[in-house]
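K.L.:
Have a look at this one.
The values are calculated or read from the model by the stated rules, or taken from the named source; none is laboratory data. Values in this document were obtained by computation on a predicted structure and should not be read as measured data. When we count neighbours, we look across all protein chains shown, and the Cβ atoms used for this are built from the backbone with ideal geometry, even at glycine. With ligands, DNA and RNA removed, areas are computed over all heavy atoms of the protein, side chains included. Shrake-Rupley method; radii C 1.70, N 1.55, O 1.52, S 1.80 Å.
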Amino acid sequence: MPPQRKGAAARVSEDTEDLTRHPLQAILLADSFATKFRPITLERPKVLLPLVNVPMIDYTLAWLESAGVEEVFVFCCAHSKQVIEYLEKSEWISQPNFSVVTIESHNSVSAGDALRLIYERNVITGDFVLISGDTVSNMSLTQVIQEHKERRKKDSNAVMTMVIKQSKLSPITHQSRLGTDELFLAIDPQTKQLLFYEEKTDNLRGIIPLDNALLGDNPSICLHNDKQDCYIDICSQEVLSLFTDNFDYQHLRRHFVKGLLVDDIMGYKIFTHEIHSSYAARIDNYRSYDTISKDIIQRWTYPFVPDVMFSGNSATHLEREGMYRASEIEQSRSARIGPFTVIGKGTRIGNNSNISNSVIGKGCSIGSNVSITGSYIWDSVTIEDGCDIRHAIICDGVVIKSGAVLEPGVVLSFKVVIGQQFIVPSYSKVSLYQQPTVEDSDEELEYADNSSGTVDSSITCTMDTLNREMMSETPASQLGPGGVGHVWSICEGGHEEEWRHSVAPIPADKLAEATQSLEDDLEFLNLDGNALSTSGELKPGRNGTDSEDDDAEDSRDDSIYYEKEVEATFLRAVNENIKVPDVILEMNSLRLSYNMTSADCAGAIFYAMMKQALEIPHATAGELRKNAASIIDAWNNLLKFYSKEIDDQIEVIMKFEEMCLESVKEFSPHFSQILHILYDKDILEEDAILRWADEKKDAEESDKVFVKQSEKLIQWLREASEEED
């Protein structure tokens with residue numbers, strides 16, 4: 001489903017029929033019980049971190065409210081006072097027919113502890129939605145809840161329904177676009193019962209450890225490693241009592257889900273519900289933070305997008321090329337704001353500064369000759385003249401002095417100061433806190449107790465009351481002249497974790513290493529014969545029509561996402577004059593992430609090129625054609641790189657046909673001329689054009705429109721070919 005462009009805030013469509021005699025309830029876990037967002041989460045809870053200038057928890061609450069949930073119990077642990085105070089000052093407290101109640105704990109160290117405490121409070125009266133406060137979705141709950149209730153009527157042991165979604169892995173990194181590891185699921189294709197759940201497997205040998213009894217008891221099993229766990233669960237009340245009865249259950253997936261799947265005594269069952277056109281994703285690490293931010297900006301999460309008011313967020317205005325501006329912005333005329341960028345209220349931007357594919361928060365001061373690419377700048381940040389920032393996260397109150405450089409993957413926590421001309425190395429994490437010696441997730445509790453625990457309306461932490469021992473004086477050499485903060489060291493074996501989960505694109509050398517490793521693995525698998533496809537059913541002679549239909553729909557969704565990413569990358573390359581070899585590196589990373597062919601890449605790049613030609617101002621049809629010729633001339637080496645084979649070139653032609661018929665009809669009268677330009681620039685060979693024409697011979701007349709328009713060119717190529725023969 002393509003992203004919607006405009007519209008007022010609206011509730012996600014729900015049936016008016018009451019789904020249950022009890023109010024629909026939800027448990028929202030406002031604590032991740034993890035350390036992936038350190039050092040930031042030592043000072044602020046993850047659910048209050050800004051996601052495109054709105055706290056994460058607001059996306060979750062806005063979706064729950066729009067989906068018909070009436071009561072939400074927000075479980076708070078680390079930095080609980082900050083979460084409670086934020087909610088008390090927010091609009092959620094006063095929403096009609098939507099109750100938000102906080103439950104506070106000072107000693108819970110896991111999701112299991114949280115659910116046991118909620119069970120003791122006796123507040124859940126029926127089926128409920130279980131979700132964490134770092135989830136973004138716009139799906140309807142009606143169907144999944146109805147499915148869950150229908151199953152419960154037939155089988156009281158059906159205690160949970162998990163929401164899943166198609167998500168192709170990169171064959172190189174074995175990661176999803178959210179930066180999550182490979183997930184293997186075994187599902188009954190008829191009943192959708194979950195039979196096996198494994199987050200990591202032995203990739204080298206392609207082995208999945210399935211129990212013999214599982215294969216014997218189930219006549220048909222579908223194995224998947226192309227699904228994403230959305231971490232949205234519809235649960236029966238028994239789920240809470242199961243956690244209470246089993247104190248070994250700490251983690252929701254590793255302990256509870258896997259525990260029920262191997263328990264053959266009680267017979268409890270978990271089912272799956274797959275969504276297709278809706279959006280659902282959880283922010284698990286910095287890479288998923290980056291991915292979901294881009295999805296919001298590109299409007300996949302509609303109506304939860306920057307220019308639609310929800311939860312009291314500041315109004316922004318959507319402009320061309322996916323650029324959003326809030327009010328009271330001061331921008332120099334020579335400053336350049338690129339595509340897919342959000343600029344927060346009251347921000348000032350100096351002369352000749354260049355910002356693209358980034359989110360800038362409220363009240364920031366950006367000097368002259370500053371370059372910001374693919375970064376997330378939070379509130380009240382000061383960036384002095386001549387700084388270069390690439391793919392970084394910069395928290396509230398940070399000061400970056402003149403001439404400083406942030407290499408890709410840097411994270412600067414609250415109120416850090418980077419000295420003049422200082423270069424912060426890739427993947428560095430800098431904080432006013434010294435690095436903890438213990439990595440327990442409940443350490444945030446210790447720091448929260450040592451702080452005031454309060455937060456003002458903009459969630460800005462006051463550092464004066466923080467633990468002084470953790471904020472000892474910084475050696476000047478660490479962050480340059482005038483620098484303030486501690487550079488955290490990367491633990492042994494943690495370097496791979498950093499580049500895998502960073503907001504920065506995967507480095508070319510790491511991709512090369514991973515590619516070589518994949519080739520070695522494939523060579524081994526070819527010898528061993530144990531290769532496994534991304535999704536296969538362990539039953540001969542099956543009728544896979546439904547599964548094939550679902551796969552086709554999911555593939556279309558992936559293609560749309562991929563084309564939007566390619567378009568955003570190409571626009572940034574145009575706006576920042578990025579060299580073709582560097583663009584190819586980024587395109588290769590995208591191609592691997594989505595598991596696309598070179599033909600897919602060629603078609604998507606050509607589509608982005610033509611969209612850019614259309615965006616350039618033109619008064620006549622002739623000027624539009626000149627725009628297209630200019631873009632093709634400037635970027636022909638990029639398109640050539642992915643159009644080396646005849647099949648790739650035919651894909652470009654077919655993509656152009658599709659554009660002229662559907663999305664960019666303005667080019668329809670110029671099809672043959674632009675086809676000739678592509679031929680003259682050696683992007684298309686004559687064999688590609690002639691094969692395309694030959695394939696259309698038996699097509700319907702409506703499919704021959706552009707072949708007929710190009711008859712002169714086709715005839716000329718045929719005659720030239722005959723003369724050569």
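K.L.:
Of the conditions (1) touching a strand residue (DSSP E or B) at 6+ places or on another chain (Cβ under 8 Å); (2) over 30 Å from Leu42 (Cβ atoms), Cys76 fails just one. Which one is it?
P.N.:
Looking at each condition in turn, Cys76 falls short on (2).
K.L.:
Same structure, new question: Name the pairs: first residue in region 364-384 and touching a residue at least 60 places away in the same chain (Cβ under 8 Å), second residue charged (D, E, K, R) and not in a strand (DSSP E or B), Cβ to Cβ under 6 Å, at least 6 apart or on different chains?
P.N.:
These pairs meet every condition: Trp378/Asp396; Asp379/Lys362; Asp379/Asp396; Ser380/Asp396.
Residue by residue, here is whether (1) under 20 Å from Asp687 (Cα atoms); (2) of a type outside the set (D, E, K, R); (3) modelled with pLDDT under 85 holds:
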residue	(1), (2), (3)
Leu585	no, yes, yes
Ile605	no, yes, no
Gln612	no, yes, no
Ala619	no, yes, yes
Ile631	no, yes, no
Tyr642	yes, yes, no
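K.L.:
For region 61-77, give me each residue that is in contact with an Asp or Glu (Cβ under 9 Å, 6 or more places away or on another chain) and open to solvent by 10 Å² or more (accessible area, probe 1.4 Å).
P.N.:
Gly68
K.L.:
Now for a separate question. Could you identify the single residue in Glu104, Glu120 that is outside the structural domain of Tyr594 (by the TED database), within 30 Å of Lys89 (Cβ to Cβ) and touching a Cys at 6+ places or on another chain (Cβ under 9 Å)?
P.N.:
After applying the criteria, what remains is Glu104.
K.L.:
Working only within region 312-346, note down all residues that are among the hydroxyl-bearing types (Ser, Thr, Tyr), assigned to a loop (DSSP other than H, G, I, E, B) and either touching a strand residue (DSSP E or B) at 6+ places or on another chain (Cβ under 8 Å) or surrounded by fewer than 15 Cβ atoms within 10 Å (Cβ to Cβ) (or both).
P.N.:
Of everything in region 312-346, those that are among the hydroxyl-bearing types (Ser, Thr, Tyr), assigned to a loop (DSSP other than H, G, I, E, B) and either touching a strand residue (DSSP E or B) at 6+ places or on another chain (Cβ under 8 Å) or surrounded by fewer than 15 Cβ atoms within 10 Å (Cβ to Cβ) (or both) turn out to be Thr316, Ser327, Ser332, Ser334, Thr341.
K.L.:
In addition: Looking at region 678-704 only, could you name the residues that are farther than 13 Å from Ile650 by Cβ and without any contact (Cβ under 8 Å) to a residue 12 or more places away in the chain?
P.N.:
Result: Asp680, Lys697, Asp698, Ala699, Glu700, Glu701, Ser702, Asp703, Lys704.
K.L.:
Can you confirm whether region 638-645 contains a residue that is part of a helix (DSSP H, G or I), over 21 Å from Glu701 (Cβ atoms) and touching a Lys or Arg at 6+ places or on another chain (Cβ under 9 Å)?
P.N.:
yes
K.L.:
Oh, and also: Any residue at all in region 94-107 that is among the small types (Gly, Ala, Ser), open to solvent by less than 10 Å² (accessible area, probe 1.4 Å), out of contact with any Gly (no Cβ under 6 Å at 6 or more places or on another chain) and not in a helix (DSSP H, G or I)?
P.N.:
The answer is yes; a qualifying residue exists.
K.L.:
While we're here: Exactly one of these conditions fails for Arg253: (1) without any contact (Cβ under 8 Å) to a residue 24 or more places away in the chain; (2) closer than 23 Å to Gln193 by Cα; (3) open to solvent by less than 20 Å² (accessible area, probe 1.4 Å). Give me its number.
P.N.:
The failed condition is (1).
K.L.:
Would you be able to tell me the number of residues in region 140-177 that are in a loop (DSSP other than H, G, I, E, B) and closer than 30 Å to Val503 by Cβ?
P.N.:
Number of matching residues: 10.
K.L.:
OK, next. Looking for whichever is over 41 Å from the mean Cα position of the chain (by Cα) and open to solvent by less than 40 Å² (accessible area, probe 1.4 Å) here; the options are Leu690, Leu713. Which one fits?
P.N.:
Leu713
K.L.:
What pairs come out if I take residues in region 180-193 that are in the same structural domain as Lys227 (by the TED database) and closer than 15 Å to Lys269 by Cα and pair them with residues that are open to solvent by 30 Å² or more (accessible area, probe 1.4 Å) and basic (Lys, Arg) whose C-beta lies under 6 Å away, six or more apart or interchain?
P.N.:
Gln193/Lys269
K.L.:
Quickly run through region 260-290 and pick out the residues that are surrounded by fewer than 16 Cβ atoms within 10 Å (Cβ to Cβ) and farther than 30 Å from Asn53 by Cβ.
P.N.:
Hits for region 260-290 are Val262, Asp263, Asp264, Ile265, Met266, Gly267.
K.L.:
Ile683 versus (1) modelled with pLDDT under 85; (2) under 14 Å from Met609 (Cβ atoms): which is the lone unmet condition?
P.N.:
Status for Ile683: all satisfied but (1).
K.L.:
I've got another one for you. Here are some residues: Glu519, Glu498, Glu492. Which one is under 31 Å from the mean Cα position of the chain (by Cα), within 29 Å of Gly374 (Cβ to Cβ), open to solvent by 20 Å² or more (accessible area, probe 1.4 Å) and at pLDDT below 65?
P.N.:
The unique qualifying residue is Glu492.
K.L.:
I'd like the full set of residues that are at pLDDT below 90 and either in contact with a His (Cβ under 9 Å, 6 or more places away or on another chain) or not in a strand (DSSP E or B) (or both), limited to region 69-87.
P.N.:
Listed by number, the residues that qualify are Cys77, Ala78, Ser80.
K.L.:
Exactly one of (1) modelled with pLDDT of 90 or more; (2) open to solvent by 30 Å² or more (accessible area, probe 1.4 Å); (3) within 26 Å of the chain's Cα centre (by Cα) is unmet by Lys149. Its number?
P.N.:
(3)
K.L.:
Considering region 64-91 alone, what residues qualify as being closer than 18 Å to Asp134 by Cα and in contact with a Phe, Trp or Tyr (Cβ under 7 Å, 6 or more places away or on another chain)?
P.N.:
Glu65
K.L.:
Return the residues of region 276-298 that are in contact with a strand residue (DSSP E or B) (Cβ under 9 Å, 6 or more places away or on another chain) and not in a helix (DSSP H, G or I); say none if nothing qualifies.
P.N.:
Across region 276-298, the qualifying residues are His276, Ser278, Tyr279, Ala280, Ala281, Arg282, Ile283, Asp284.
K.L.:
Check whether at least one residue in region 677-685 is open to solvent by 90 Å² or more (accessible area, probe 1.4 Å), closer than 25 Å to Ala604 by Cβ and over 32 Å from the mean Cα position of the chain (by Cα), and report yes or no.
P.N.:
Yes; the residues of region 677-685 include at least one that is open to solvent by 90 Å² or more (accessible area, probe 1.4 Å), closer than 25 Å to Ala604 by Cβ and over 32 Å from the mean Cα position of the chain (by Cα).
K.L.:
Determine, yes or no, whether Met309 is open to solvent by 20 Å² or more (accessible area, probe 1.4 Å) and within 22 Å of the chain's Cα centre (by Cα).
P.N.:
Yes; evaluated as a whole, the condition is true for this residue.
K.L.:
Restricting to region 392-426, count the residues that are of a type outside the set (A, V, I, L, M) and touching a strand residue (DSSP E or B) at 6+ places or on another chain (Cβ under 7 Å).
P.N.:
5
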